[in-house]
Amino acid sequence: MTTILLISQFVLTGILTIAVLLQKSSSIGLGAYSGSNESLFGAKGPAGFMAKFTFIVAIIFIVNTLTLGYFYNQSKKVSIAEDIKIEKSVVPSGTPAQAPATTAPEAPSAPTTK
């Protein structure tokens, strides 16, 4: 089931990308809301169909994403964070922590000027 949803997710991604790219840009600013009739098909033109199509595909994409996440979560019951092992080092109180046995070599000193 997850495989079908994953494949459909990729297909929906391609369809949604193409639908968004095919839409007419609305770079006329607020003039789009003033009721201008510049196009052959009226104020909105054929953009109404593409906007509705994009909206429907986007809703299907979101539902598919949520369903895919739900089924993936049901199949994998253990979180990755639960698998992390943390090592705790216990230092007895009252005794200072010991320095490591090996020390790094000192950096060379800056040249002196006369």
### Query
Fewest to most neighbouring Cβ within 10 Å: what's the order for Thr3, Thr17?
Thr3, Thr17
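Once fully extended, how much extra length lies between Thr17 and Thr113, figured as 0.36 nm per residue of separation less the alpha-carbon to alpha-carbon distance?
Numbers: separation 96, 0.36 × 96 = 34.56 nm, distance 6.56 nm.
Result for the pair: 28.0 nm of gain on full extension.
Read the figures in this text as sums done on the coordinates, not as results from a lab. This structure is a prediction, so every number in the text was calculated from the model and none was measured. Note: ideal-geometry Cβ built from the backbone for every residue, glycine included; neighbour counts use all protein chains shown.
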